[in-house]
Each structure stands twice: as C-alpha cells, then as structure tokens.
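Report on one structure; see the data block that follows.
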Amino acid sequence: MTNVVSVDFKPRATSLDERVRRLAETFARHRRVGEDVLWLKENAEFLNVLETGGQSFDASALSVYDGVYDRIAERMAYFPQYYRFFIALALDLEALTGGGDVGLSLVEFAQANDLVAAELSDLQRAEARRLMLRRGVDPVRDPGLDDRLRAFASRPATFALPNKKAAYELTHIVFYLSEYGRRAPDLPAEARLSLEHAGTLAAIEMNADLLSEICVALRFAGWDVPAPWEAWLADYTADSAVLTRDGSPVPDGYHQFLVTQWHAGLAGAAPFACTVDEGPVDFFVPQPQIHALRELSRALMEDPARTGDWQVMRRRLAGRVGPAALSHLDAVADAAPQFDAFFEHFARVVPLSGARHGLSSGFGA
C-alpha cells in the first residue's frame, strides 16, 4: 500500500513588505464586496494602522488600492455621508505611497458642502477636523471643542464602570488631540486616571482590543504604560494567527488582530510578524477562558453589605467567585496603577433611592 501525502508549497510571506501586500489584498478584495460601508471602515482602519504605526515598507505593497484611489472622488461625491472614511483612505494612501492631490480635493469638497454640519457628536467633529487639518482646513472652528473633549476624558468615575462605548471614545479623544502621537494632547492628570481605570476594566475582562487601544493612547499622551498589560498583550499577539480560509467557522477577529498588531509595533516589537498566505484568510485571536468581570459584578451586586474597600471585599469574595477568576483579579489588582481608587468607584456602594423600594435591575456587568 502506498500513502500519498499532499504538501502545500505555497510561498510564505517572509518580509514586512510582502505581509503588508497580502493583508492589503485581503482587506481590499477578499472580505467585503462592492466597497460598501463595512469595506470602507475596515480598509480605513487597516491603512490608519499602517500610517500611524511608524513602520517602513515599500509603497508597492499597497498597489491593490490604485484603482480605489483613482475613483475615490467620484465615490465620495455620490456617498458624501461617508466622507470621513473616504478622506481618511485618500490621505493615508498619499502618506504611505508618497504623494498625490486627491486628498486635498476631497477636503475642499467636504468644506464647500459643509459636510461636518451633519455630525451630531463632538467626537465625530473632532475626527473630521483632525482629518481635514492634514490639508490645512478646519471645518469646525469651534474654540470650545477641545475643552469639551478634555472634560469628558477627565472624569475617571465614568471609566471605572463597564461602558465600552465611553472607553473607546476616550481612546479616540487622545488619538485626535495628540494627532496619533505627533503632538502633546495637553490632557490633565485626571485623563490619565480615566485611561488607567478603563485599562483595568479591559484587563479584568481580558479584552485585548480595548486594552491595546488604551495602551496606545497612554503612549501617545506621553504617559507610562503598565508593563504587565504590555506583557499580556505580547502573549495574546503571539497566540494570534492569520489562517487560510477553508470554510470552517472562525470568529472574525480582524479588529483585535489589527489593534494588537498596531500596539505591538508601537511597543517596539515587529508588527504583523505572522504567516500570511495568499488569498482569503481568517483572523484567529484567543478567546477569554475566564469571565472574571461577570463573576465579580454578580458577586458585588448580590452583596448588600459590599464596600468600596478592595482589601475588605477581596476576603468577602472568596467562595463567591471561582478560583480562576479570583486569581485573575489578584493579578489585575497587582498590575493596575491605582486599583484601590478604581475599585472604590466600581463597587457602587451608594444605592439609588429607588433601591429602598424594592426596585431591581436586570442589567449585567
């Protein structure tokens, strides 16, 4: 009997240039069809990671976007509601490939048609301003915008409670005010504590996506990043992989992959240091095996005598929280810059007045 062994001899990507080229092909051609809004979002995120990540690679690695760049003005004129995506794509492509003037024409179109007037959020206005100022145009002209952003970022109690939307808005405030690390964002010390509280929550939850953004934001703001957070993210990144798509169901971890690789490059490691095959791929990222945030939140909610003193509550949690979750909480507490201050807010010991009348909440963590 003869055994026939099939061997896959597809060439591996061995250089950053080649890995970037293959990832660009994946995002531009193999994940979304027709350049819909999700295509715009994913490709804008990918190019932003490349443009702000500080890595050098050959411009030819992005040749898959040549046709996109050539027709981007026409697309934006028809889909002006997505102007921030289109402008971001054009400006990052020009920065990464060495020039072009389409980005300026998009900015001028957005300004002439007052597209920023359609934005309701200060954060979206800040993003539009950051993009358009890259070509010397301020579409907002609101002297109070930065003050409102800094005020939002300077309330640490907000970020000691689970609220991913607020936490991601916090990181993006730092990104925009610092021009992705290119200038000092002039943030007060309270904003640093806000980032640290949000990072502590992300560490408890083992949320590598959010923790990466928080570490990058701390770095862009000029503040120290807790070494244990970066060590955990390094292990997470090492355990991530880009897999050739074979039809098997794989959770789509593209965003976790992108931001953890972004963080890795900014932290001094080699970004995208993984095997990337040609053609369609899936992004595999580790999934949390411990749900410490859920266990901690439930134990606190069910304890009418809870206190904001972590040392006291740590003893009370024994037996109410599983051993794996409790061990993880101990590790997070040891690594967090100001865990006691975080926990004092997280414990929520001041009840709402309605609680005295038997009202209950069905909300989770």
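Things worth noting here:
- Test: residue in segment 55-78 that is of a type outside the set (A, V, I, L, M), on the phi > 0 side of the Ramachandran plot and modelled with pLDDT under 95: no
- Criterion violated by residue 198 - all others in (1) assigned to a helix (DSSP H, G or I); (2) over 26 Å from residue 88 (Cβ atoms) satisfied: (2)
- Test result for residue 89, in the same structural domain as residue 16 (by TED's automatic domain parsing), modelled with pLDDT of 95 or more and touching a Phe, Trp or Tyr at 6+ places or on another chain (Cβ under 9 Å): yes
- Only a single criterion out of (1) in a helix (DSSP H, G or I); (2) closer than 25 Å to residue 295 by Cβ is not satisfied by residue 162, namely (1).
Table: residues versus (1) touching a strand residue (DSSP E or B) at 6+ places or on another chain (Cβ under 8 Å); (2) among the aliphatic types (A, V, I, L, M); (3) within 29 Å of residue 18 (Cβ to Cβ); (4) assigned to a helix (DSSP H, G or I).
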| residue | (1), (2), (3), (4) |
| --- | --- |
| 54 | no, no, yes, no |
| 60 | no, no, yes, yes |
| 66 | no, no, yes, yes |
| 72 | no, yes, yes, yes |
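- Test: residue in segment 92-106 that is within 27 Å of residue 192 (Cα to Cα), touching a Phe, Trp or Tyr at 6+ places or on another chain (Cβ under 9 Å), at pLDDT 95 or above and among the acidic types (Asp, Glu): no
- Residue 129 of a type in the set (Lys, Arg), on the phi < 0 side of the Ramachandran plot and touching a residue at least 40 places away in the same chain (Cβ under 8 Å): yes
Yes/no per residue for (1) assigned to a helix (DSSP H, G or I); (2) assigned by TED's automatic domain parsing to the domain that holds residue 61; (3) more than 26 Å from the chain's Cα centre (by Cα); (4) buried (at least 19 other Cβ atoms within 10 Å of the Cβ):
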| site | (1), (2), (3), (4) |
| --- | --- |
| 94 | yes, yes, no, yes |
| 103 | yes, yes, no, yes |
| 108 | yes, yes, yes, no |
| 116 | yes, yes, no, yes |
| 126 | yes, yes, no, yes |
| 129 | yes, yes, no, yes |
| 132 | yes, yes, no, yes |
| 136 | no, yes, yes, no |
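- Figure legend. Inter-residue proximity from segment 229-252: first residues over 14 Å from residue 276 (Cα atoms), second residues of a type in the set (Phe, Trp, Tyr) and surrounded by 19 or more Cβ atoms within 10 Å (Cβ to Cβ), beta-carbon distance below 7 Å, spacing 6+ or different chains. Indicated pairs: 252/283.
- The sole residue among 264, 318, 299 that is of a type in the set (Gly, Ala, Ser) and closer than 26 Å to residue 217 by Cβ is 264.
The values are calculated or read from the model by the stated rules, or taken from the named source; none is laboratory data. As the structure is a computational prediction, the values presented were derived from the model and not from experiment. As a convention, Cβ positions derive from the backbone with ideal geometry for all residues, glycine included, and neighbour counts pool all protein chains shown.
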